[in-house]
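Input: a single structure, listed below in structure tokens.
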Amino acid sequence: MTNRINEKTTVVNISKAALQQQGYSDLTHWLENPDHIYVGRAVRYVTGAKKSKWANPFSKKKYGHQRCVEMYEEYIRNQPELLADISELKNKVLGCWCKPGPCHGDILARLADAANDK
């Protein structure tokens, strides 16, 4: 799934079942595409799921899913080093476990699409 045609950043579910529906065997296979970026936390039992610098540091068990997304938006807007890199996500396909529900990836996609190219 390349995203260059759409010219818009998107967020997809990267569960094994969702990836297989897209024609990928697993996360490692999905990540072979340079337009795909994992934006989640480290998951020890999933090969390729290394902690992303874009990962949401807030626990949905502690704060609830929607609140975590809201907290992430405030967090990312106060991280100048991350905001400086946001354009690297522009027009990419961001992968997270939350989709199709609310996801911090949606915040990243919106910010990336609004970013000026470097």
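The values are calculated or read from the model by the stated rules, or taken from the named source; none is laboratory data. Predicted, not measured: the structure shown is a model, and the values here were computed from it. With ideal geometry, Cβ positions are generated from the backbone for all residues, glycine too; neighbour counts draw on all protein chains shown.
Just a yes or no: is a residue in the stretch 26-42 β-branched (V, I, T) and not in a helix (DSSP H, G or I)?
Here is the first cut: in the stretch 26-42, the residues β-branched (V, I, T) are 28, 37, 39.
If we keep only those that are not in a helix (DSSP H, G or I) as well, we get 37, 39.
Taking every residue of the stretch 26-42 in turn, at least one turns out to be β-branched (V, I, T) and not in a helix (DSSP H, G or I).
For T2, the conditions (1) modelled with pLDDT of 95 or more; (2) closer than 23 Å to A112 by Cβ; (3) out of contact with any helix residue (DSSP H, G or I) (no Cβ under 6 Å at 6 or more places or on another chain); (4) of a type outside the set (F, W, Y) are fulfilled apart from (1).
Take L83 and tell me if it is more than 21 Å from I14 (Cβ to Cβ) and not basic (K, R). The answer is yes for L83.
Conditions tested, residue by residue: (1) touching a helix residue (DSSP H, G or I) at 6+ places or on another chain (Cβ under 9 Å); (2) closer than 16 Å to A109 by Cβ; (3) of a type in the set (S, T, Y); (4) modelled with pLDDT under 95.
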residue	(1), (2), (3), (4)
D35	no, yes, no, no
T47	yes, no, yes, yes
W54	yes, yes, no, no
M71	yes, no, no, no
N78	no, no, no, no
D85	no, yes, no, no
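Do we find that A42 is farther than 16 Å from R110 by Cα, surrounded by 15 or more Cβ atoms within 10 Å (Cβ to Cβ) and not charged (D, E, K, R) in this structure? Considered against the rule, which asks whether it is farther than 16 Å from R110 by Cα, surrounded by 15 or more Cβ atoms within 10 Å (Cβ to Cβ) and not charged (D, E, K, R), A42 comes out as no. Of the numbered criteria (1) acidic (D, E); (2) surrounded by fewer than 16 Cβ atoms within 10 Å (Cβ to Cβ); (3) at pLDDT 95 or above, the one D117 fails is (3). A109 passes every criterion in (1) part of a helix (DSSP H, G or I); (2) surrounded by fewer than 18 Cβ atoms within 10 Å (Cβ to Cβ); (3) not acidic (D, E) apart from (2). Among the residues of this structure, K99 does not count as one that is touching a residue at least 60 places away in the same chain (Cβ under 8 Å), buried (at least 17 other Cβ atoms within 10 Å of the Cβ) and touching an Asp or Glu at 6+ places or on another chain (Cβ under 7 Å).
Taking first residues from the stretch 75-88 that are closer than 10 Å to A115 by Cα and partners that are basic (K, R) and exposed (fewer than 13 other Cβ atoms within 10 Å of the Cβ), the Cβ contacts under 6 Å between residues at least 6 apart in sequence or on separate chains come to S87/K118.
Taking the stretch 45-74 as the region of interest, how many residues are in contact (Cβ under 8 Å) with a residue 24 or more places away in the chain, more than 16 Å from W97 (Cβ to Cβ) and surrounded by 11 or more Cβ atoms within 10 Å (Cβ to Cβ)? The qualifying residues number 1.
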